[in-house]
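Q: One structure is given below, represented as structure tokens, and several questions about it will come after.
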Amino acid sequence: MPSTLSPNDVVFARIYGKTNDVSLEGSGFGANYSVTNNLADPTVILFDLLKTSLGLGETVLDTDSFQVLQAAVTDHIGFAIPKNSSSNFPQFKELITDILRTIVTRLFLNNDNKWSVLQVTNFGSNDKTTDDKEIQTGIEYQFDYADILSDVIVEYLFQERSDNLSITGESSSKVSAESLVAKHVHQVNKQETFQSLHIVGSEADTLADKLSAIFSERRGIFEFKTPKRFFDTLLGDTIQVSRTKMPGY
């Protein structure tokens, strides 16, 4: 022990996790984060949890979807297990949910009964189209404004204690995003706080903007009967529905 320390001194350290040794189909998957020189890629960490910790072999993992997600997601994450000294060890479901929430991604069983991932993004080109000729009966819809948020707050970079040694307990940083559409178009003034595993402020800020865009408009459930050609529709497919009148008229 250095002679400059006394029994009343407080010593703390930031410990980074393991370096990346994850493989996919026999090759290295992802790379270390250049800033911390350790594994911080959320897609690779998620894949490693499923494959190594939960024992799901690559035969039951949709490896193509993980490769697509890894190329698209540039975020960096970090977390402690347990979260702090007063917490219990989390279940794998909690860790996986935290990662999925941070990168706004779904984990699901696809048509081949393999675990697949799909990031929630803006609508792209239409996979299918339908109109009144096919859906004249069986239409049901539901809209409400309960899920609209005017202000989104994202907490990130959770630490056991702050840099101020006089403060104990957990600390975090915050970013926020405001929706003028929610406030002035829908007349909603409501905020909600989300937690992410981000360790970079700009990436947490991007998440706040994305969540604000999602929650700034009302979401609805639109159900209708479709012909047999829709049986092969997949999660994430975009269907354009053309009608002569709007729901409710």
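Q: If we scan the range 215-237, do we find a residue that is aromatic (Phe, Trp, Tyr), on the phi < 0 side of the Ramachandran plot and open to solvent by 60 Å² or more (accessible area, probe 1.4 Å)?
A: Among the residues of the range 215-237, at least one is aromatic (Phe, Trp, Tyr), on the phi < 0 side of the Ramachandran plot and open to solvent by 60 Å² or more (accessible area, probe 1.4 Å), which makes the answer yes.
Q: If a residue has to be outside any strand (DSSP E or B) and either in contact with a strand residue (DSSP E or B) (Cβ under 6 Å, 6 or more places away or on another chain) or closer than 30 Å to ILE15 by Cα (or both) to count, how many in the range 136-158 make the cut? Let's see the steps before the verdict.
A: Keep residues of the range 136-158 that are outside any strand (DSSP E or B), which gives 136-139, 144-150.
In the following step, the residues that additionally are either in contact with a strand residue (DSSP E or B) (Cβ under 6 Å, 6 or more places away or on another chain) or closer than 30 Å to ILE15 by Cα (or both) were identified as 149.
Counting residues in the range 136-158 that are outside any strand (DSSP E or B) and either in contact with a strand residue (DSSP E or B) (Cβ under 6 Å, 6 or more places away or on another chain) or closer than 30 Å to ILE15 by Cα (or both) gives 1.
Q: Just one of (1) open to solvent by 60 Å² or more (accessible area, probe 1.4 Å); (2) under 22 Å from GLN159 (Cβ atoms); (3) within 21 Å of the chain's Cα centre (by Cα); (4) aliphatic (A, V, I, L, M) trips up ALA31, so point out which.
A: Exception for ALA31: condition (2).
Q: Here is a follow-up. Count, please, the residues in the range 146-205 that happen to be at pLDDT below 95, open to solvent by less than 40 Å² (accessible area, probe 1.4 Å) and among the acidic types (Asp, Glu).
A: 1
Q: Going residue by residue through the range 63-71, is there one that turns out to be outside any loop (DSSP other than H, G, I, E, B), within 22 Å of ALA204 (Cα to Cα) and of a type in the set (Phe, Trp, Tyr)? Walk me through how you get there before you give the answer.
A: Let us first name the residues in the range 63-71 that are outside any loop (DSSP other than H, G, I, E, B), namely 63-71.
With the extra rule that they be within 22 Å of ALA204 (Cα to Cα), the set shrinks to 66, 68-71.
Applying the additional criterion that residues be of a type in the set (Phe, Trp, Tyr) yields 66.
Within the range 63-71 (the criterion being outside any loop (DSSP other than H, G, I, E, B), within 22 Å of ALA204 (Cα to Cα) and of a type in the set (Phe, Trp, Tyr)), the answer is yes, since at least one residue qualifies.
Residues checked against (1) under 23 Å from SER173 (Cβ atoms); (2) open to solvent by 60 Å² or more (accessible area, probe 1.4 Å); (3) in contact with a Pro (Cβ under 8 Å, 6 or more places away or on another chain):
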{"residue": "ILE45", "(1), (2), (3)": "yes, no, no"}
{"residue": "LEU50", "(1), (2), (3)": "no, no, no"}
{"residue": "ALA72", "(1), (2), (3)": "no, yes, no"}
{"residue": "ASP75", "(1), (2), (3)": "yes, no, yes"}
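Q: For the range 177-204, give me each residue that is assigned to a loop (DSSP other than H, G, I, E, B) and of a type outside the set (A, V, I, L, M, F, W, C).
A: Result: SER179, HIS186, GLN187, ASN189, LYS190, SER196.
Q: Looking at PHE89, PHE47, PHE66, which one is touching a helix residue (DSSP H, G or I) at 6+ places or on another chain (Cβ under 6 Å) and free of Cβ contacts under 8 Å to residues at least 40 places away in the same chain?
A: Only one candidate qualifies: PHE47.
Q: Shifting gears a bit: Need the failing condition index for VAL154 against (1) in contact (Cβ under 8 Å) with a residue 12 or more places away in the chain; (2) more than 17 Å from the chain's Cα centre (by Cα), just the number.
A: VAL154 satisfies all of (1) in contact (Cβ under 8 Å) with a residue 12 or more places away in the chain; (2) more than 17 Å from the chain's Cα centre (by Cα) except (2).
Q: Now for a different question. Here is a check on your reading of the model: is SER116 open to solvent by less than 80 Å² (accessible area, probe 1.4 Å) and either outside any strand (DSSP E or B) or basic (Lys, Arg) (or both)? Steps first, answer last, please.
A: Numbers: open to solvent by less than 80 Å² (accessible area, probe 1.4 Å): yes; either outside any strand (DSSP E or B) or basic (Lys, Arg) (or both): no.
In short, no.
The values are calculated or read from the model by the stated rules, or taken from the named source; none is laboratory data. Here the structure is a predicted model, which means the values were calculated and not measured. Ideal geometry is used to build each Cβ from the backbone, glycine not excepted, and the neighbour counts take in all protein chains shown. To get the accessible areas, we keep the full protein, side chains included, count just its heavy atoms, and leave off ligands, DNA and RNA. Shrake-Rupley method; radii C 1.70, N 1.55, O 1.52, S 1.80 Å.
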